[in-house]
Structure formats: structure tokens, C-alpha cells
């Protein structure tokens, strides 16, 4: 991402991406988000913007998760207002959430996902 900008269009990308993997990569989460038009890369909280769906067949999701392991994992985040959020990722799961489904669970903006952590502890 170019210094000072959070606008994915400056890179020719349709969205920004947050990604986290644990273990040998058998558990990972990908979050797609746009730009709020004001946050800058140099801000202490970094870039922010609404979660966005990709486009095209099978690509219309804002959050994707895979757990190829044998244990349940939990995606922990803390919203900007301090409220903790948790998404349960069962073993053998491979799923997606649209921005509407993510919003129903409390995930609306990238700032709802900034403290992203994957653990085996609920």
C-alpha cells in the first residue's frame, strides 16, 4: 500500500485485505474492505472502511475462513468502541460471509477486525 493512502484504487485493486493464518496455514481468515475516504496509512489505527464483497461467481464475500485442522478455532476482534467480537470456526470448515452476514454478527468496518487474532480459546 503506498505511504499515506488507504485507497485501494491507487493500486488498481478493488478492495483492501486483512489476512491472518495460524499453525502451518491450515487455519486462516481473509477480510476485504474498502476505504472510508479519510483514514490514512500513517494514522495510529491505520486504514478503515466498510467491509465489501468481491464480485464474480463464488467471489461475492467479505469474510472468508478455512479451518483444515482438527480443533475449533475462534476469530477474536475488538471493535473501535472496545466491544469484543468472536467468530467460531469449526474444524473442517471452509466458509464465507457476505458483508450483510458479517454486519449481522457485528462486523461492519475494518476497524471491527483490526485486533484480529485466531486462537483455540473461546
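Since every read-out is calculated from the coordinates, none of them should be taken as a lab result. Model, not experiment: these values are computed from the prediction. Heads up, the Cβs are rebuilt from the backbone with ideal geometry, glycines too, and the neighbour counts pull from every protein chain shown.
Largest first, the three principal axis extents of the alpha carbons in the chain are 41, 36, 29 Å in whole numbers.
Peptides 59-70, 75-86, 92-103 ranked from most to least packed by the mean count of surrounding Cβ atoms within 10 Å: 59-70, 92-103, 75-86.
Note on region 77-122: percent of Cα-Cα distances in each 5 Å bin, starting at 0 and stopping at the bin with the largest distance, equals 5, 20, 28, 27, 16, 4, 0.
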